[in-house]
Amino acid sequence: MVMEPINPATGEAEEVYQELSEDQLEMALNASHQAFADWSQRSFANRRQILQQAAALLREKTDELGHLITREMGKPIREARGEVEKCAWVCDFYAEKGEQLLAPHSAESDASRSYVRYAPLGTVLAIMPWNFPFWQVFRAAAPSLMAGNTMLLKHASNVPGCAARIEGLLDEAGLPVGAFQNLALSSRRVEGVIDDPRVHGVTLTGSETAGRKVAASAGAALKKTVLELGGSDPFIVLEDADLDEAARVAATARTINSGQSCIAAKRFLVVASVADDFLERFRAHLEGLHTGDPMDEDTAIGPQARGDLRDELHRQVQDSIKAGARLLLGGEPTPGPGFFYPVTLLDGVTEGMPVAEEETFGPVAPVMRVADEDEAVAVANRSRYGLGGAVWSSDRERAEAVGRRLEVGAVFINGMVKSDPRLPFGGVKASGYGRELGAFGIREFTNIQTVWIG
């Protein structure tokens with residue numbers, strides 16, 4: 001099998017990459033196993049130095065790496081450079097805080113002394129998506145490597161250049177041979193890698209379908225998993241919200257990465273008494289976003305990453321309109337080369353419509369009118385997803401109280417849901433389980449070991 005990424009802005013093929021042979025895969029698994037014996041015994045100071053060097057290289061090569069991201073998956077160039085810079089941040093964060101977050105702590109017992117330590121687990125297989133092809137990898141790799149684990153990367157097949165470049169950059173930063181390796185594999189071979197005894201844990205960011213398959217395979221092999229899956233995040237606007245600011249942030253929250261983000265706001269639940277006012281402001285902000293060549297510095301919305309993804313998004317929009325949603329903006333694929341879809345605004349969306357029930361991965365904003373905060377919470381929680389949610393109100397205590405009722409992994413009050421190296425990130429229900437980032441993220445792939453001394 002060959003991997004031939006298509007530039008989504010032009011529809012033209014990029015460089016061709018070859019899949020690993022069985023012999024090459026075996027060599028990679030052996031190398032990872034051997035590297036763990038070395039890497040796991042290195043001092044935190046040594047690991048810190050290498051992560052800091054990785055951060056420095058990312059910053060030095062931001063423009064080059066940003067252009068690679070944009071060519072392979074279409075992210076607007078300004079956002080692509082921002083993604084690389086965020087990767088440097090997460091490396092620096094765990095370089096600085098990793099030793100402290102993994103420090104042993106005392107626990108009282110009947111022993112003369114007892115404590116808990118966090119030991120590296122082994123080799124972690126990271127199965128990563130295309131939408132943030134550098135960030136998703138580094139937010140898993142930085143804490144795992146700092147903890148002393150080694151990592152194997154199975155990246156999405158449409159970003160093979162990004163996968164190869166990440167491996168090369170970490171090698172250049174000074175990681176020992178085999179400590180981080182890119183596995184250029186088709187999805188059908190992943191189950192065999194999960195089952196291999198040289199692999200000790202699996203972290204996946206991807207679709208609900210992929211998560212179920214990986215969880216089943218890892219469960220059969222009794223291996224730890226962290227799953228960060230899809231989302232249909234509610235963005236709740238109460239009647240006392242600052243509508244100007246809420247509408248401005250809503251436009252960004254829905255269209256970041258051209259709408260292709262698991263934590264993008266995807267359902268706008270607006271109290272009916274202010275819905276018309278909010279919609280007018282929201283539409284104005286959406287209309288002001290420039291769609292076009294992602295290499296253009298002024299572009300806010302680039303293409304969808306693949307043609308089939310654009311087609312599926314359009315199907316969701318059309319089926320929702322047939323079910324009664326009112327189209328206010330966009331709604332038809334952009335003609336010409338590339339996989340462009342315009343910013344689309346729908347009003348009158350109700351439960352049961354595809355844009356309300358399914359994850360929409362593109363710049364489509366469905367507005368759902370609700371009577372009050374109780375209905376907003378009820379509608380928000382009836383989703384099978386539970387990744388993040390935002391609540392907007394001029395009364396922060398009220399907004400926090402509403403936020404505590406949401407069945408999600410993260411609640412943002414008067415702000416946009418985002419990931420931050422300092423805070424745990426992950427969801428509940430069909431959005432997955434386990435946490436990345438923060439103190440919880442670095443401990444996920446460790447052996448939490450009790451030590452009892454008589």
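FYI, it's all coordinate maths here, none of it is from the lab. Nothing here was measured: the structure is a model prediction, and the numbers come from that model. Note that we place each Cβ from the backbone using ideal geometry, even for glycine, and neighbour counts take in every protein chain shown.
Its residue count N fixes a reference of 2.2 N^0.38 Å for the chain, and the Cα radius of gyration divided by that reference is 1.00.
Give the percent of DSSP beta bridges with both residues in the chain that are antiparallel, rounded to the nearest 5. Around 35 percent antiparallel, to the nearest 5. Each Lys and Arg contributes +1 and each Asp and Glu -1, all at the Cβ; summed about the Cα centre of the chain, the dipole is approximately 1200 debye. When both the stretch 419-436 and the stretch 386-413 are represented by their alpha-carbon centers, they are found 16 Å apart.
The residues packed around L423, meaning those with a beta-carbon under 12 Å from its beta-carbon, carry a net charge of +2 if Lys and Arg are +1 and Asp and Glu are -1.
Taking every DSSP helix (H) stretch of at least 4 residues in the chain, weighting each as -39,500 (n - 2.57) and dividing the sum by the residue count yields a mean residue ellipticity at 222 nm of -13000 deg cm²/dmol.
In straight-distance terms, cross-link reach from K97 covers every one of the lysines whose alpha-carbon lies under 29 Å from its own, apart from those fewer than eight places away in the same chain; here that gives K61, K86, K154, K223, K224, K418.
Note on the stretch 233-420: Cα-only Rg and Dmax are 15.5, 49 Å. Which listed residue (S21, A126, L102) has the Cα farthest towards the positive end of the charge dipole for the stretch 18-130, taking +1 on Lys and Arg C-beta and -1 on Asp and Glu C-beta about the Cα centre? So the residue furthest toward the plus end is L102.
Ranked by the mean number of other Cβ atoms within 10 Å per residue, highest first, peptides 249-255, 328-334, 102-108, 390-396 order as 249-255, 390-396, 328-334, 102-108.
When only Cα pairs below 8 angstrom with a gap of at least 6 residues are kept, the chain shows a relative contact order of 19 percent.
What does the charge count near G161 come to, summing +1 for each Lys or Arg and -1 for each Asp or Glu among other residues with Cβ under 12 Å from its Cβ? Cβ neighbours under 12 Å give a net charge of -4.
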